[in-house]
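Worksheet: the structure to be examined is printed underneath.
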Amino acid sequence: MVNVEKKGNVVLLKVSGRLEINQALELEETINTNINNGSRYFVFDLGDVHYLSSSGIRVFIATLRQLKDLKGRMILANLSSNVIKTLKIVELDGLFEIMNSTDEAIRVLSA
């Protein structure tokens with residue numbers, strides 16, 4: 001499940017449950033809708049994600065590339081231990097900007 005909140009110029013996407021193929025497609029559609037509407041700054045709250053599949057990882061990588069081309073930025077925040085473990089196993093924890101809290105991430109992107 002994906003909940004969307006606008007915090008000024010930042011889109012906060014709170015993802016919960018298992019981030020597998022169907023939810024990854026829903027997340028990607030939500031991201032693309034916001035990008036098409038002019039949004040360039042995203043925070044992903046992953047505190048309630050229990051499982052991160054390769055489909056979910058693909059969405060994050062694609063979003064990172066897309067935002068880089070648009071001079072935007074994304075931050076993964078409030079990561080659950082399972083998400084941290086998955087990103088470390090696939091050696092992608094250094095690719096993404098990661099912060100402990102969504103509030104901190106929103107402050108950074110709002111500056």
Computed [θ] at 222 nm, helices only, for the chain once each DSSP H run of length n ≥ 4 contributes -39500 (n - 2.57): -14000 deg cm²/dmol
Nearest-0.05 FRET efficiency for residue 84 and residue 108, computed from C-beta distance (R0 25 Å): 0.85
Subset of 7/68; 7/88; 14/85; 6/85 violating a 22 Å alpha-carbon distance limit: 7/88; 6/85
GluC sites (Glu not before Pro) lying in DSSP loop within region 1-84, provided at most 16 other Cβ fall within 10 Å: 20
Rel. contact order, % - alpha carbon contacts under 8 angstrom, at least six apart, the chain: 28 percent
Region 74-111 and region 1-33: distance between their alpha carbon centers, rounded to Å: 15 Å
For Cα Rg over 2.2 N^0.38 Å, calculated from these coordinates, the label among [x] 0.95; [y] 1.00; [z] 1.07: [x]
Acute angle (nearest 10 degrees) that the helix 21-36 long axis makes with the longest principal axis of the chain, alpha-carbon atoms: 10 degrees
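The numbers here are math on the coordinates, done by the rules we state, and not lab data. Here the structure is a predicted model, which means the values were calculated and not measured. Positions of Cβ are generated from backbone atoms using ideal geometry, with glycine treated the same way; all protein chains shown enter the neighbour counts.
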